[in-house]
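Colleague: Please find one structure pasted underneath; my questions will follow.
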Amino acid sequence: MAVDKNKRLTKSKKGGKGKKIVDPYKNKQKYEIRAPSYFATRNVGLTFVSKTTGNKIASENLKGRVIPVCLADLKSKDEEQAHRIVKLRIEDVQDKRVLTNFHGIQLTTDKARSLVRKWQTLIEANVDVKTADGFVLRVFVISFTSKRPNAAKKTYYAQASQIRQIRKKMVEIIKEHVTTSELKQVVEKLVHNIIEKQIETATKSIYPLNNIFVRKVKVLKTPKFELSKLMDIHGDTGAADDIGVAAAPAEAAAAEAVVGDTPAE
């Protein structure tokens with residue numbers, strides 16, 4: 001194409017020369033993320049937020065932020081739990097730390113897809129339940145049929161009536177565990193696979209199952225925020241207590257002499 005036919009080809013970009021490169025983190029502050037005390041690893045990492053300017057307060061921008069964390073990192077590098085993602089929601093900001101609470105858990109996509117195979121039946125159940133401390137959770141459970149002992153058939157499909165019975169058992173067990181427990185206890189049961197083990201035992205007489213997982217847990221509704229309850233969940237926030245400085249031996253001896261009995265004249 002001729003240059004004179006298209007005049008835009010000869011024009012240079014405006015403001016391209018001598019443009020200043022600004023550091024994107026210049027106006028940012030970093031905060032330490034603290035996980036609840038029922039996890040082995042408390043320090044999750046760092047989160048960044050823009051500094052307070054005018055009506056935009058940094059701490060208010062942080063509240064409500066959801067942080068996904070691998071469960072293996074929260075359990076002291078337990079690689080067997082690497083297929084689970086825990087969601088933590090920032091509830092409060094204290095100094096340069098943010099305090100979080102449980103907001104959900106789910107399987108990774110690659111793990112969920114690796115479970116699906118031929119010649120078996122996939123059985124899913126979900127239910128909305130309320131914990132003893134007022135959190136409303138939606139719990140999803142996934143399971144697969146397994147081959148019966150000494151079975152000659154290649155396939156191991158469950159009948160529709162058996163699927164309904166298994167699904168009913170799943171819902172009953174989930175309600176039993178969640179409604180009688182607080183959120184902290186529910187999370188501990190999810191982390192230690194207590195619900196999955198009970199489902200496997202209870203449904204064995206209907207049809208044997210394997211690869212039973214709580215696929216996802218969502219927090220639908222939370223009770224009114226109370227700082228005292230959040231502090232109970234976190235316990236020690238990691239701040240060092242101000243206990244003063246130890247006195248030197250000479251000073252301690254002089255203090256004892258002053259406090260002691262006066263010598264007789």
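Colleague: Translational D (Stokes-Einstein, µm²/s) of region 27-168 at 37 °C and 0.692 mPa s when Rh comes from the Kirkwood sum over C-alpha pairs?
Modeller: 177
Colleague: As an exercise, use a Förster radius of 22 Å and the Cβ-Cβ distance of Gln81 and Lys229 to find the FRET efficiency, rounded to the nearest 0.05.
Modeller: For Gln81 and Lys229, the calculated efficiency is 0.25.
Colleague: What are the ³J(HN,Hα) couplings of region 203-215, residue after residue, when phi is run through the Karplus curve with 6.51, -1.76, 1.60 and θ = phi - 60°? Round to Hz, x for glycine and proline.
Modeller: So the J values, rounded to whole Hz, are 9, 4, 6, 7, 6, x, 10, 9, 6, 8, 9, 7, 5.
Colleague: Averaged per residue, what accessible surface does region 74-132 expose to a 1.4 Å probe, in Å²?
Modeller: Per residue, region 74-132 has an accessible area of 52 Å².
Colleague: Ok, one more. Compute the label zone of Arg148 within region 196-223: residues whose backbone N is under 12 Å from the point 7 Å along Cα-to-Cβ.
Modeller: Answer for this model: 205-208.
Colleague: So, one more: Of Lys28/Lys96; Lys130/Lys218; Lys118/Lys147; Lys28/Lys87, which sit over 21 Å apart, Cα to Cα? Please list the in-between numbers first.
Modeller: Details: Lys28/Lys96 13 Å; Lys130/Lys218 12 Å; Lys118/Lys147 12 Å; Lys28/Lys87 24 Å.
Checking Cα-Cα distances, Lys28/Lys87 exceed 21 Å.
Colleague: Moving on. Using amide H atoms built 1.01 Å from N in the peptide plane, name the residues 5+ places from Arg65, or on other chains, whose amide H lies under 5 Å from its own.
Modeller: Under 5 Å from the amide H of Arg65: Ile90.
Colleague: Something else: Does region 85-180 classify as rounded, prolate or oblate by the C-alpha gyration tensor (a ≥ b ≥ c root eigenvalues; a/c under 1.5 gives rounded; else a/b over b/c gives prolate, otherwise oblate)?
Modeller: Note, shape of region 85-180 comes out oblate.
Colleague: Moving on to the next point. Quickly work out the Leu115-to-Val127 label distance, labels modelled 7 Å from Cα along the C-beta direction, and quote it in nm with one decimal.
Modeller: Using points 7 Å along Cα→Cβ, the separation is 1.7 nm.
Colleague: Oh, and also: Can you compute the modelled spin-label distance between Thr201 and Lys218, with each label point 7 Å from Cα toward Cβ, in nm?
Modeller: Label-label distance for Thr201 and Lys218, simple model: 3.1 nm.
Colleague: Of all trypsin sites (Lys or Arg not before Pro) in region 104-160, which ones are in loop regions per DSSP and have a Cβ with at most 11 other Cβ atoms within 10 Å?
Modeller: Those satisfying the criteria are Arg117, Lys118, Lys153, Lys154.
Colleague: Modelling each spin label as a point 7 Å along the Cα-to-Cβ direction, I'd like the Glu176/Gln159 distance in nm, to one decimal.
Modeller: Computed distance between label sites Glu176 and Gln159 equals 2.5 nm.
The values are calculated or read from the model by the stated rules, or taken from the named source; none is laboratory data. Just so it is clear, the model here is predicted, and its values are computed rather than measured. With ideal geometry, Cβ positions are generated from the backbone for all residues, glycine too; neighbour counts draw on all protein chains shown. Just so you know, the surface numbers come from the protein's heavy atoms only, side chains and all, with ligands and any DNA or RNA stripped out. Shrake-Rupley method; radii C 1.70, N 1.55, O 1.52, S 1.80 Å.
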